[in-house]
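Quick notes on the structure that follows.
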């Protein structure tokens, strides 16, 4: 049974019955991404709709963001799978260092390998065995297809004429529709496979069908392609190397002297070791990844041009056809340098350029910050456990993203930050952000478009390292969120060379720190109230008062409503004085402004309720700040505010408030150090 499983005839029957698959690299990638239910969903990114592909969001370290870039990739491959012009092109991701280009490509390669490890998707190739019978290969007894050609490619080249091959397939039970689909992916055998097979046929007396069965049984063995994360089979990577030591051998392979000594026929193409190059190992329906493509010297890029256009590996007239999806990356500087060189347009024309931006959603950035911090438990130099402030990730993510957002006359920094994360920003809408993005996209200088400049993931890594090595962190045994901004400032001063960029990033960090302080204010309020949901509850109380007042049209009346989340009935007393205080805290001084804001609140409440989507209004920073201020001032009279009470702890009742808050914060993942420092930060005046 095992012997039968290795034969071409058995493989043909498996393909005919759908147990094995014959497809090109583009079709396999497309099937990997799109096959199955609910593999695509529509999301909103920077005020515009975008497609999101589920396969890239699965696993231990999934891709984060990159919606436009992934959509460009999937569309490119899907077009190539259907025989479009993309089949003769490479896709190149261009952008600033540290924005995830290489990680995107490597993730695609890993997913592709995992996809083909599944039995139903496994790739097969063939090898020539019993070569001792030919007496021309010395001690070589078995030769595997150097480019991992599919057995179906061999089948379509068994005979000299296409008609004979089609008749053979019909005899094997394939119908005309299957054969037509198969021939859409036809390509000739590689030089060495073709040469060896011709030698075998001559040895066995010609091309007659009587000889063919014996040839296939005695000389052809079908075997699965070995998929390895380290050997470069199926998915190969070629990083740009030093211009002096790199050569075409790294890509195409070279003459193998050891093998040449074994061959009696010096014209045998097998004297070339194609697998010594990165291209050959992924030529059988795989992915070739060229990292920093345009850092290579010109002659290597010219080789890529020939490979991309013709999809062949060429050695002195000996040709090995390729079936390869080519993905490449490049940073802006190298790409612009290459593009501006005279005579390089043919190379760039063969590439589908995707300008890759930084992640601009601070909520999604929190996942990327987790990658930078790592999942293992850390310790100080003294051997103590290193604690992370619960707000450390939040502060780091906000700081990084803030530097990536361009300045605009239509939006303030915080408004852009919130809208890019899909949140409300006072009276500004996603439409405003979409207009800003569209306007910036018209700029011919790519680096001035939305999200194209800023501190990247490597800068985030540097900031984490700078903060970790500080004496204060080591002594306090805690990565305090408030120190994040000092670490980022050091990164900007040390690593950003452009004066304008440096000034912008430092201003961005100041705005990010203020945004973080709003989060601190929320934590302090929750700790003071002894309830992690206190801010949310008070915000919703104000919202329900607004809606109820609009319904009842009078003050101090009771209003009963149904809570959207729990479905429980709740009754509140409408307090117009409280509503006025909150609105005055937001700067709404006259009745017209208050009525306008209340109408906006009621409208959003009605819209969310109509579609059954619970909404807590917690993305309205002005409302949160005003509600907490009014509540604290109404509770604490002696010192004028909670801040005053915490700063003046000579009074027993103030010290009791402080101690109680520290205890509650300790129960919310704060340590003693970051709890005390968070309260200090809340009380500080910039």
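Could you tell me whether residue 476 is under 28 Å from residue 68 (Cα atoms) and either surrounded by fewer than 24 Cβ atoms within 10 Å (Cβ to Cβ) or at pLDDT 95 or above (or both)? In short, no.
Would you mind finding the one in 137, 186 that is surrounded by 14 or more Cβ atoms within 10 Å (Cβ to Cβ) and part of a loop (DSSP other than H, G, I, E, B)?
Numbers: 186 fails: surrounded by 14 or more Cβ atoms within 10 Å (Cβ to Cβ).
After applying the criteria, what remains is 137.
Of all residues in segment 311-332, exactly one satisfies the criterion of being without any contact (Cβ under 8 Å) to a residue 24 or more places away in the chain and under 23 Å from residue 345 (Cβ atoms), namely 312.
Comparison of 299, 265, 349 shows that the only residue that is within 30 Å of the chain's Cα centre (by Cα), in the same structural domain as residue 106 (by TED's automatic domain parsing) and surrounded by fewer than 23 Cβ atoms within 10 Å (Cβ to Cβ) is 349.
If I filter segment 377-387 for residues that are over 22 Å from residue 677 (Cβ atoms) and at pLDDT 90 or above, do I get at least one hit? Checked segment 377-387: at least one residue is over 22 Å from residue 677 (Cβ atoms) and at pLDDT 90 or above. Which of (1) buried (at least 17 other Cβ atoms within 10 Å of the Cβ); (2) over 17 Å from the mean Cα position of the chain (by Cα) does residue 18 not meet, given it meets every other one? Looking at each condition in turn, residue 18 falls short on (1). Being farther than 28 Å from residue 332 by Cα and assigned by TED's automatic domain parsing to the domain that holds residue 155 holds for only one residue in 19, 61, and it is 19. For segment 157-180, filtering for residues that are within 26 Å of residue 195 (Cα to Cα) and not in a helix (DSSP H, G or I) leaves 6. Can you name the residue in segment 307-333 that is in contact with a strand residue (DSSP E or B) (Cβ under 9 Å, 6 or more places away or on another chain) and part of a helix (DSSP H, G or I) and, of all such residues, is surrounded by the fewest Cβ atoms within 10 Å (Cβ to Cβ)? So the residue we want is 310.
For residue 195, the stated conditions do not hold, so it cannot be described as in the same structural domain as residue 12 (by TED's automatic domain parsing), assigned to a strand (DSSP E or B), touching a strand residue (DSSP E or B) at 6+ places or on another chain (Cβ under 9 Å) and surrounded by 15 or more Cβ atoms within 10 Å (Cβ to Cβ). Are any of the residues in segment 73-90 outside any helix (DSSP H, G or I), out of contact with any helix residue (DSSP H, G or I) (no Cβ under 7 Å at 6 or more places or on another chain) and within 25 Å of residue 275 (Cα to Cα)? The answer is no; no qualifying residue exists.
Just name the residue that is farthest from residue 624 (Cα to Cα) out of those in segment 556-612 that are assigned to a loop (DSSP other than H, G, I, E, B) and at pLDDT 80 or above. Ranking the candidates gives 590 first.
All told, residue 465 meets the bar of being closer than 22 Å to residue 367 by Cβ, without any contact (Cβ under 8 Å) to a residue 12 or more places away in the chain and either in contact with a helix residue (DSSP H, G or I) (Cβ under 8 Å, 6 or more places away or on another chain) or not assigned by TED's automatic domain parsing to the domain that holds residue 672 (or both).
The values are calculated or read from the model by the stated rules, or taken from the named source; none is laboratory data. Predicted, not measured: the structure shown is a model, and the values here were computed from it. Using ideal geometry, Cβ is built from the backbone for each residue, glycine included, and neighbour counts are taken over all protein chains shown.
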